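To start, the structure under review is shown below, and the notes come after it.
The values are calculated or read from the model by the stated rules, or taken from the named source; none is laboratory data. Keep in mind the model is a prediction, meaning the values are calculated, not measured. Because the Cβ atoms are built from the backbone with ideal geometry, glycine has one as well, and the counts that use them run over all protein chains shown.
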Amino acid sequence: MSPSKQNLAAPRGMRDFYPDEMLRRSFVFDAWTRASRRFGFEQYDACVVETLELLKRKGGEEIVQQIYAFADKSGRELALRPEMTPTLARMIAARHGELAFPVKWFTIAQCFRYERMTKGRRREHYQWNLDIVGEPALTAEVEVLAAAADAMGMMGLTASDVRIRVNHRALLGELLARSGIPADQHPSVFLALDKRDKVDDLTPFLTQAGLDQSAIASVNRLLEVESLDDAAQLLGEDSAAVHALNELFERLSRYDLSSMIQFDISVIRGLGYYTGIVFEAYDTARTGRAIFGGGRYDNLLTEIGGKPTTAVGLGFGDVVIADLLEEKNLFDGCSPSRDVTVGYMTDSERDAAVEVACALRKAGQSVDLATHTEKPKQFFSRADKKGFREAAYIGPDDVAAGSCRLKTMADGEERVMPLIGKSEVSSQK
RNA sequence: GCGGGUGUAGCUCAGUUGGUUAGAGCGUCAGGUUGUGAUCCUGAAAGUCGCGGGUUCGAGUCCCGUCACUCGCCCCA
């Protein structure tokens, strides 16, 4: 059967990275890695395949349907990880006794989820995970947020491009309790609040959630909470959540991040396992999906069987950020960084070309050596298209003269390089 | 799971009320130019018109089905 176009495409939702796409991916990965290192995080990695049990335990049954699960030849139930946090929790728990807490770890993890594809969402993606485990103090949230902001800064994004929205789960709980809404109705109300940007009137959702009219009125009042001061007025000064958020904003101002961070009562995030401060970053126009999200999850390690350990973490995917960087032309600087290509006219010049390539490589340059003879026109045309900074074309005349010329593609300037001496490579640029 | 849009060359797309040999631009390759790229000129290769069926003298075009891609909804990293 001859291959059809269908068979040549990657499976649905899976991604190939051709060289030009790889450049952009590396641009993002580099920013993540540099920010992680700059903030003192250690890199780790783990297997892509986990036991289904580990993944189920954390996410509950709903998420299981989105997991790429399979049985191996011994019948073990395994799965491609849909996220990194259970793996992190497993690794921490496995060596809990020997780790010096707090632990600051980062990874760029390939994750899989079987779900309907839409803009900004694929079945496979890479996610930067940044976690501080074993630190109950607010410093953990502050450093994680600052590192994320630093990474975005390295990608060229500023406070006019992105906004990090912060909330506190306890704050919402306190506000709802203050409004007389019993705790068992909170999850439904969270769901409804999460839709505030998508629907005009929340009343039908809240009614469905079992709230009576006065409770609905209370929720609608909550929606008018636009600032932390508004919340503080409702809750009073003794609110721990208000205090924590104020403290967070105060501390982030020391990092010069005030213009990028704002309070937003509608940030809910993973209803089940976040326990404290939660945050999400969006483009300022708020047209796309969340760029990253995270928060404090103090119970997760206990849930997988580890000792009680506090944690703050974030997940920052590569798909949404790539869309944003593309839209803002911030990938423009991405180009292959190859310095020189060396070509030759006939096989008689091949040895001289090898000599030139070796000398330049020894001098630390990235050098492409032609794999076969080329006519000058072919060679320079290729050198131009592939974006080499310099090109050296060696023919019989050069070998006879004992030197060759390195041509700077941008301006046509040439510099001479000796052929036989092979010791001196005139300093570049 | 639900709904919309789109499938024609490697890419982006045109293709008239159904009509004879399916086009353009870009890209690729070659030549003009056997020692010098970008511009220019000439030429070439490249198509199961997503797939299957139907209507018709005749289907890229109309109908039915199907698959794929894509954008929303739901949900979520």
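Below are the figures for this structure:
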| quantity | calculated |
| --- | --- |
| Matching residues, region A:263-308, being touching a helix residue (DSSP H, G or I) at 6+ places or on another chain (Cβ under 6 Å), charged (D, E, K, R) and buried (at least 19 other Cβ atoms within 10 Å of the Cβ) | A:Asp283 |
| Residues that are assigned to a loop (DSSP other than H, G, I, E, B) and surrounded by fewer than 19 Cβ atoms within 10 Å (Cβ to Cβ), drawn from region A:158-178 | A:Thr158, A:Ala159, A:Ser160 |
| Unmet requirement for A:Leu211, which otherwise passes all of (1) in a helix (DSSP H, G or I); (2) in contact with a Ser or Thr (Cβ under 9 Å, 6 or more places away or on another chain) | (1) |
| Residue match in region A:328-339 (condition: acidic (Asp, Glu) and without any contact (Cβ under 8 Å) to a residue 24 or more places away in the chain) | yes |
| Unmet requirement for A:Thr118, which otherwise passes all of (1) more than 19 Å from the chain's Cα centre (by Cα); (2) free of Cβ contacts under 8 Å to residues at least 24 places away in the same chain | (1) |
| Search result, residues across region A:381-406 that are under 40 Å from the mean Cα position of the chain (by Cα) and without any contact (Cβ under 8 Å) to a residue 24 or more places away in the chain | A:Ser381, A:Lys385 |
| Single unsatisfied condition, A:Asp131 versus (1) assigned to a strand (DSSP E or B); (2) surrounded by fewer than 19 Cβ atoms within 10 Å (Cβ to Cβ); (3) of a type in the set (D, E, K, R) | (2) |
| Which numbered condition A:Arg350 fails, given (1) closer than 30 Å to A:Glu21 by Cβ; (2) in contact with a Phe, Trp or Tyr (Cβ under 6 Å, 6 or more places away or on another chain) | (1) |
| Residues being outside any loop (DSSP other than H, G, I, E, B), under 18 Å from A:Asp161 (Cα atoms) and touching a residue at least 60 places away in the same chain (Cβ under 8 Å) - total across region A:271-307 | 6 |
| For A:Asp194: the one exception among (1) at pLDDT below 80; (2) more than 30 Å from A:Ala31 (Cβ to Cβ) | (2) |
| Which numbered condition A:Ile268 fails, given (1) assigned to a helix (DSSP H, G or I); (2) of a type in the set (A, V, I, L, M, F, W, C); (3) within 16 Å of RNA strand B (Cβ to nearest atom) | (1) |
| Members of region A:308-320 found to be within 12 Å of RNA strand B (Cβ to nearest atom) and not in a helix (DSSP H, G or I), listed by number | A:Gly313, A:Leu314, A:Gly315, A:Phe316, A:Gly317 |
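For every residue, the table says whether it meets (1) out of contact with any Ser or Thr (no Cβ under 9 Å at 6 or more places or on another chain); (2) buried (at least 16 other Cβ atoms within 10 Å of the Cβ).
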{"position": "A:Asp323", "(1), (2)": "yes, yes"}
{"position": "A:Asn329", "(1), (2)": "yes, no"}
{"position": "A:Ser335", "(1), (2)": "yes, no"}
{"position": "A:Asp339", "(1), (2)": "no, yes"}
{"position": "A:Arg382", "(1), (2)": "no, yes"}
